[in-house]
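This report concerns only the one structure given below.
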Amino acid sequence: MSTNDKETILGLFSEFKRAVATANEQENNRQHLLEIIDQSSEKLAHQQQTPQNEARSVYQNINTMCLADHLKLTADEGAALRKIGDAAQPKSAWQGLNNFNTVNTWPSN
């Protein structure tokens, strides 16, 4: 992935973070979603993960958290998360096949 892809993913993370921060001011129950974004942004900044794999991880983790905590995303949050999900999808057949080689995209804390 190029630097442009990294900047695009970081921009999508920022967009989602702004939407979550706005909703968090009203309900104060989305702090863990902000932590997922912060952790992923740091991984990308230190080049510990490819942008596409990190976007896939964020998409999976946020959906899992919303399901487990019974969170209903606002329209802005949902639109931003859909953009992250679209960016996480493989752009070619080879990238799709490479996804089968990826064993674990969960954080390794």
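The values are calculated or read from the model by the stated rules, or taken from the named source; none is laboratory data. This one's a predicted model, so the numbers in the text were calculated from it and none came from an experiment. Cβ: placed from backbone, ideal geometry, glycine included. Neighbour counts: every protein chain shown.
Take the conditions farther than 17 Å from PRO90 by Cα, of a type in the set (A, V, I, L, M, F, W, C) and touching a helix residue (DSSP H, G or I) at 6+ places or on another chain (Cβ under 7 Å) and apply them to ILE36. Does it pass?
Criteria met by ILE36.
Scan the range 7-19 and tell me whether some residue there is touching a Pro at 6+ places or on another chain (Cβ under 7 Å), under 20 Å from PRO90 (Cβ atoms) and buried (at least 21 other Cβ atoms within 10 Å of the Cβ). Yes, some residue in the range 7-19 is touching a Pro at 6+ places or on another chain (Cβ under 7 Å), under 20 Å from PRO90 (Cβ atoms) and buried (at least 21 other Cβ atoms within 10 Å of the Cβ). Residues considered: LEU33, LEU12. Of these, the only one that is closer than 13 Å to LEU81 by Cβ and touching a Lys or Arg at 6+ places or on another chain (Cβ under 6 Å) is LEU12.
Out of curiosity, is LYS72 in contact with a Cys (Cβ under 9 Å, 6 or more places away or on another chain), loosely packed, with under 14 Cβ neighbours inside 10 Å and modelled with pLDDT under 95?
yes
Name the residue that is farthest from GLN52 (Cα to Cα), counting only residues in the range 1-41 that are outside any helix (DSSP H, G or I) and in contact (Cβ under 8 Å) with a residue 24 or more places away in the chain. Residue satisfying both the conditions and the ranking: ASN29. Test ASN63 against the criterion of being part of a helix (DSSP H, G or I) and more than 21 Å from GLN89 (Cβ to Cβ), and give yes or no. No. Is there a residue being among the basic types (Lys, Arg) and modelled with pLDDT of 85 or more anywhere in the range 80-87? Yes: one or more hits.
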